[in-house]
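The values are calculated or read from the model by the stated rules, or taken from the named source; none is laboratory data. Remember, it's a predicted structure, so these values are computed and weren't measured experimentally. Note that we place each Cβ from the backbone using ideal geometry, even for glycine, and neighbour counts take in every protein chain shown. Accessible surface is based on the protein model in full, side chains and every heavy atom, while ligands, DNA and RNA are left aside. Shrake-Rupley method; radii C 1.70, N 1.55, O 1.52, S 1.80 Å.
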Amino acid sequence: MRIWKRSGFAAGGVFLAIGAADADGLDPVRGAFGETKPIIDTRLRMESVDQDPLAQDANALTLRARLGFETGKAWNTSLLVEADAVIPLQDDYRPDPAVATMVAYTVVADDETYEINRFQFTNTSLPGTTLTLGRQRLLLDDQRFVGNSGWRQNEQTFDALRIVNRSVTNLALDATYLNRVNRVNGPDSPQGVYKGDGFLLNAGYQTKIGKLSAFGYLLDIEPITNIPAGINPVRDSTSTYGLRFAGEKPVGKIKVAYAASYATQTDYGDNALDFDLAYKFVEATATFRQFSLGVGTEIMEGNGVAGAGGKGFTTPLASLHKFQGWADKFLTTPANGIEDRYATAGVTLKAVSVLDTLGLIVSYHDFDAEATSADYGSEWDASVAARHKRFNLLLKYADYQQGELLSARTTRKLWAQLEFIW
């Protein structure tokens, strides 16, 4: 983790020095390890993909085991260590689009992986302030710009120093410096690690009607020499500034949740491309008892340039599976941008037989090009999720039908998943 080379030893020394004058030998360390809690997170998943025009359906059965521990505090500092293993039990799929293996199958981005998922120190010595140093999980706002891509078996983590201050009532100031992104593809993939300097600044103020967030994300990502130019991460070196507002309010017996966001993005660092793009998002959801109905629109502009210079608004650190349909056809925004208009209906039931909860979701997406209004196709998604104590069961389906963008082929995906979390 390169963050240690630049600031890790210095910051680690600060963590240990703060409050050390009051330490009584090693008693705080013994106490911290005596309060250690285990981390046990396992997931067994089957994913089947039928994509035109490939003759072979992809079938992936993978087991993810995430094991570790988190200590109590010594001198206001705790330690979290967590290892990750992704084990393919059936591997009829292409695990990495940057590697020319299993090319008769479509991509299921759950390659065999064994790595340290998180290794972080957290210190709370400064009033109202939390400092976290090391390999860590970052989830900012709705994860549209920064998240852990938790849907994939190997989550995305960051080698970073993060400072969060909540000294002022209702105000959270969040600043992160990162120099490595450990992506879902795993460390052995040509695109499994992004290196470079990143600064993530987020300020959130909670009002009576919702939370207002202002953010600025500066990413200077180093180029990778052994992957195709179209997915080289230097293209995603960007400066992004924006605002987001989200809240909820009862209207009679109905609870109305609302969210809106706007951001601008330009090229940054060593990015050779030239673009100035915008992001727009608005969503509203009404909930009555156990039923919900929501509608929304997300617009990501593109520069409309054909070929290698083409670029759409990008969110390379996002939890992408949460957005624009579960079939994941638009993980990279097309050069003509994209407009996603969608509707979602759901029901959540409690205490159904032996189940603690049972939830059903159905959603529909209509995709168009932002610059030309060309039809990108449409998608139906559906899921059934159940929870029994520490077990979670999920059945999920996505059906994308292609439009004029022929590179995004008609695709159907089916998942069956069982989780155990301690």
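In table form, for the structure just shown:
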quantity: Test: residue in segment 208-222 that is under 27 Å from ASP267 (Cβ atoms), open to solvent by 40 Å² or more (accessible area, probe 1.4 Å), in contact with a strand residue (DSSP E or B) (Cβ under 8 Å, 6 or more places away or on another chain) and part of a loop (DSSP other than H, G, I, E, B); calculated: yes
quantity: Filtered residues of segment 350-403 (kept if without any contact (Cβ under 8 Å) to a residue 40 or more places away in the chain, over 20 Å from LYS322 (Cα atoms) and either hydroxyl-bearing (Ser, Thr, Tyr) or open to solvent by less than 30 Å² (accessible area, probe 1.4 Å) (or both)); calculated: SER353, THR357, SER373, ALA374, GLY403
quantity: Residues of segment 176-190 classified as open to solvent by less than 40 Å² (accessible area, probe 1.4 Å) and modelled with pLDDT of 95 or more, total; calculated: 6
quantity: Scope segment 106-165; condition among the β-branched types (Val, Ile, Thr) and in a strand (DSSP E or B); matching residues; calculated: VAL107, THR113, ILE116, THR122, THR129, THR130, THR132, VAL146, THR157, ILE163, VAL164
quantity: Filter pass, LEU54 being in contact with a Leu (Cβ under 7 Å, 6 or more places away or on another chain) and surrounded by fewer than 17 Cβ atoms within 10 Å (Cβ to Cβ); calculated: no
quantity: Of the criteria (1) open to solvent by 30 Å² or more (accessible area, probe 1.4 Å); (2) on the phi > 0 side of the Ramachandran plot, which one SER149 fails; calculated: (1)
quantity: Single residue of segment 74-109 satisfying the filter (under 21 Å from TRP422 (Cβ atoms) and either open to solvent by 40 Å² or more (accessible area, probe 1.4 Å) or without any contact (Cβ under 8 Å) to a residue 12 or more places away in the chain (or both)) that is nearest to the chain's Cα centre (by Cα); calculated: ALA83
quantity: ALA263 being open to solvent by less than 30 Å² (accessible area, probe 1.4 Å) and under 20 Å from ALA371 (Cβ atoms); calculated: yes
quantity: Within segment 37-76, considering residues that are part of a strand (DSSP E or B) and hydroxyl-bearing (Ser, Thr, Tyr), the one farthest from TRP151 (Cα to Cα); calculated: SER48
quantity: Flag if THR240 is in contact (Cβ under 8 Å) with a residue 24 or more places away in the chain, part of a strand (DSSP E or B) and open to solvent by 40 Å² or more (accessible area, probe 1.4 Å); calculated: no
quantity: Output for segment 385-412, where each listed residue is assigned to a strand (DSSP E or B) and more than 19 Å from TYR342 (Cα to Cα); calculated: ALA385, ALA386, ARG387, HIS388, PHE391, ASN392, LEU393, LEU394, LEU395
quantity: Only one of THR101, THR62, THR77 that is among the hydroxyl-bearing types (Ser, Thr, Tyr) and touching a Ser or Thr at 6+ places or on another chain (Cβ under 8 Å); calculated: THR77
quantity: Hits in segment 30-51 - residues which are of a type in the set (A, V, I, L, M, F, W, C) and either surrounded by 15 or more Cβ atoms within 10 Å (Cβ to Cβ) or touching a helix residue (DSSP H, G or I) at 6+ places or on another chain (Cβ under 6 Å) (or both); calculated: ALA32, ILE39, LEU44, MET46, VAL49
quantity: Matching residues, segment 194-207, being open to solvent by 30 Å² or more (accessible area, probe 1.4 Å) and assigned to a strand (DSSP E or B); calculated: LYS195, ASP197, PHE199, LEU201, ALA203, TYR205, GLN206
quantity: Contacts under 9 angstrom Cβ, first residue in segment 40-53 being under 22 Å from ASN392 (Cα atoms), partner open to solvent by 60 Å² or more (accessible area, probe 1.4 Å) and among the polar types (S, T, N, Q), 6 or more apart; calculated: MET46/GLN90
quantity: Residues within segment 16-50 that are of a type outside the set (D, E, K, R) and at pLDDT 95 or above, tallied; calculated: 9
quantity: Qualifying residue in segment 131-146 (condition: charged (D, E, K, R), within 22 Å of SER189 (Cα to Cα) and surrounded by 21 or more Cβ atoms within 10 Å (Cβ to Cβ)); calculated: yes
quantity: Considering residues of segment 152-175 that are within 22 Å of GLU82 (Cβ to Cβ) and aliphatic (A, V, I, L, M) only, the residue least open to solvent (accessible area, probe 1.4 Å); calculated: ALA160
quantity: Output for segment 296-316, where each listed residue is part of a strand (DSSP E or B) and surrounded by fewer than 23 Cβ atoms within 10 Å (Cβ to Cβ); calculated: GLY296, THR297, GLU298, ILE299, GLY302
quantity: Enumeration of residues in segment 223-237 that are among the β-branched types (Val, Ile, Thr) and either assigned to a helix (DSSP H, G or I) or open to solvent by less than 20 Å² (accessible area, probe 1.4 Å) (or both); calculated: ILE227, ILE231, VAL234
quantity: Filter result for PHE158 (hydrophobic (A, V, I, L, M, F, W, C) and over 30 Å from THR62 (Cα atoms)); calculated: no
